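Structure record follows, encoded as C-alpha cells.
No lab work stands behind these numbers, since they all come straight from the coordinates. Please read these numbers as outputs of a predicted model, since none were measured by experiment.
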Amino acid sequence: MNGYNTALIQLPLVRESTGEHVRTPEDVGRVCADISGLAQESFHVLTLNAKNRLINRHLVSLGLADASLVHPREVFRSAIGADGACAVILVHPSGDPAPSAEDLRITRQLVQAGRVVDIKVLDHVIIGRPIGVVDGQPGQPGFLSLRESGLVSFD
C-alpha cells in the first residue's frame, strides 16, 4: 500500500456562446421570433456570457393558454449548471405584450433570486403575436421590455 488515494472528480463544462450579441429588446425579438406565434404561454430564458453573447435559449415552463408557472429554481438551473451564465434575459410569448400583475411579480422575484446567485437579470421581454402581414408572411412581433418600460427595476 502506497498511502495515496485516488479521487475521481467531474468538472462541469461551460458551453461556448454562439457569438450572437443580445443587448436590446429588438435582439431578443429576433432571437425568439420563432416563438412569437405560440398558442399557449411558455417561459424561456436566454443565457448570456459576460459580453452579452448568447449561450443558449432554454424552455423553462410550458403552460396553459393564458398562464405559465415559473419558479426561480427552474429559471436559474441551466444558467448556473450547464451554461455557466453571467446574465439572463427572461422571455415569454403572449398574444398581448402588455404585462400582467403576475408578470411584474415574478420578474421582481427573479431579479431578487438572480442577486442571490450572482446572475444578473437584464430584462424580461414579453413577445406578442406578429403585427401585420408582409408578402403573405406574418410581420414583426410586437414586444414589450419591462426594463425599458420602467415597470420593474433591474438594478
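Using the Kirkwood radius over Cα pairs, work out the Stokes-Einstein diffusion coefficient for the stretch 63-116 at 20 °C and 1.002 mPa s, in µm²/s as a whole number.
So the translational diffusion coefficient is about 174 µm²/s.
What per residue convex hull volume, in Å³, do the alpha-carbon atoms of the stretch 25-149 yield?
On the way: hull volume 12.4 nm³, N = 125.
It is 99 Å³ per residue.
Indicate, rounded to the nearest 5 percent, the antiparallel portion of the DSSP beta bridges found entirely in the stretch 25-149. Please list the in-between numbers first.
Details: 18 of 25 bridges.
About 70 percent, rounded to the nearest 5.
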